[in-house]
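Notes to accompany the following structure.
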Amino acid sequence: MADTPPEPEPPPIIVVLPDGQEVTGCLQERQQVTGAWLYKVAVPAWQNTPSGQVEPAWYVVWVQAPEHVKPVPGVSYDDVPTTRLPPPSTEQQILGGRRPSGWVLQKLDGGRGPGRGVIHAVDCDEAPAGAPKLTLDKALDAAEHPGTRLCALCGAAAELDPMLKGFDHGFDGEE
């Protein structure tokens, strides 16, 4: 049976303490969060044992980068476990950070059948309360029904209209 290689030692990193002091610790992990990076670092400290002795110990904490960490010159951080945020969905790319994702359908004419309707952004003042949230695909499907229009007040028209017009609706050159 082959021996498994030992886990690589975490690389050193300079940790900037709240009072500005700098200590060398170990970088254990990196994690991307919305708008920032968090680094899991271990810094040396001391602890009391049950027998009354004092021994070295590691204090492990998440800190925000780059405010509380600095790289050690010449050290590679390529092998540090790193978790990145998933890439933005098509919906998030269209909407950006300006509003919650999704759309709602306001049914007109009593709400029976595929009749007339208006598609709103979920946070539109004109959107019906309690209407189910539509995904991008469902909103585009609903927008293609005759009699359904896109709200121009909340931006649903500006968001969805380019997606509707960007695809051919027929294969024979029909519009």
Relative frequency of Cα-Cα separations exceeding 15 Å in segment 1-71, percent: 60
Tabulate in residue order the Karplus-calculated ³J(HN,Hα) for segment 4-16, using 6.51 cos²θ - 1.76 cosθ + 1.60 with θ = phi - 60°, rounded to whole Hz; enter x for Gly and Pro. 7, x, x, 4, x, 5, x, x, x, 8, 8, 9, 9
I'd like the carbon and sulfur percentage of the solvent accessible area for segment 1-84, probe radius 1.4 Å, heavy atoms only, ligands and nucleic acids excluded. 54
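The values are calculated or read from the model by the stated rules, or taken from the named source; none is laboratory data. Because the structure is a prediction, the values reported are computed rather than measured. We work out accessible area using only protein heavy atoms, side chains counted, and drop any ligands, DNA or RNA first. Shrake-Rupley method; radii C 1.70, N 1.55, O 1.52, S 1.80 Å.
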